[in-house]
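Working notes for the structure below.
The values are calculated or read from the model by the stated rules, or taken from the named source; none is laboratory data. Predicted model only: the values in this text are computed from it and were never measured. Using ideal geometry, Cβ is built from the backbone for each residue, glycine included, and neighbour counts are taken over all protein chains shown.
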Ligand code: SF4
């Protein structure tokens, strides 16, 4: 394959103001602690399409631990939401092919029947979505929806369930929860709906909470409040949290660990603090370069050249190679012909890249 022109490398340094927001505990807490509640091994998710099979997720392996927040990051179509929906068995088995293993609190999800999945949903793992207006039922009062979720997993009276719903609304900071419980979702503001979704997700005290872009539709002030809420509820409930986002500012704010995905595959894993401060994969580096920084003088936003590839026709070799500014630092045409393995690049860090000395190369690129 002929070499494509290498676009100019952004010269700004990785924004440190975002990294500084991560709690200091990450610096000393090098070894992940907490019981593993989710273990995903070699997960592949495919969907049929008129153009051919869509390889939405390939060879994905990771784990989530109680008390820790794992951020899954990547552009649209990177596989982050598809893989997380698979954890709750939300893909139609007739319209998808799922292989590999998803062990949720010791139960295998791949191939599990609907009764098993129903038992685990909400009770062991729950999901909060980007758009609570479409996730909450518009015809049912908010309190009733939370109470129903509680009744589905607990042998209690309707009265007890209703009290629990009000308690949950109070816990997530909704003022006058008694009155609010009797209202419909459309009577709530965007921020309050998101809080109600979180109350619904946590009502059964699940071990795992998956938050799919929970703050994307909210303004910055409400976004900060929701992130603070997720953090404090995690401390209270001790759950594992998986945060799906394309916003590295959000990652810096709340995450312990990070998994960066590109074109359906993991490309970098490690402690959030380390990865954000010293990315080793060119894609992570490019994502960070394109983060707006309050300390930058430039009025131009950096972007990653090109677009994510089609998941039906992935590029040969490394899927990122058509957009990668570092590929000419790898000898020969390995980037265009050989898919790199996800390998340990330094203690606690894995990358999927052929670069032998990625930090050095990316530091030079950032400085050029
Ligand atoms: Fe870039 Fe090559 Fe590394 Fe892929 S393998 S990220 S193309 S340097």
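Things worth noting here:
- Restricting attention to the stretch 328-342 and to residues that are assigned to a loop (DSSP other than H, G, I, E, B) and under 14 Å from residue 358 (Cα atoms), the residue that is farthest from the ligand (Cβ to nearest atom) turns out to be 331.
- Number of residues in the stretch 343-362 that are touching a residue at least 40 places away in the same chain (Cβ under 8 Å) and within 6 Å of the ligand (Cβ to nearest atom): the value is 2.
- Residues of the stretch 293-322 satisfying the condition of being within 10 Å of the ligand (Cβ to nearest atom) and at pLDDT below 90: none
- Count of residues meeting criterion [away from the ligand (no atom under 16 Å from the Cβ), under 15 Å from the mean Cα position of the chain (by Cα) and over 18 Å from residue 68 (Cβ atoms)] in the stretch 249-292: 1
- Those residues of the stretch 171-193 which are over 27 Å from the mean Cα position of the chain (by Cα) and within 19 Å of residue 206 (Cα to Cα), in sequence order: none
- The number of residues in the stretch 194-207 being buried (at least 23 other Cβ atoms within 10 Å of the Cβ), under 20 Å from the mean Cα position of the chain (by Cα) and touching a residue at least 60 places away in the same chain (Cβ under 8 Å) comes to 7.
- Residue in the stretch 54-75 that is at pLDDT 95 or above and exposed (fewer than 12 other Cβ atoms within 10 Å of the Cβ) present: no
- Taking the stretch 97-165 and the helices (runs of 4 or more DSSP H) fully enclosed by it, the elements with 1 or more residues that are more than 30 Å from residue 59 (Cβ to Cβ) are at 132-135, 142-151.
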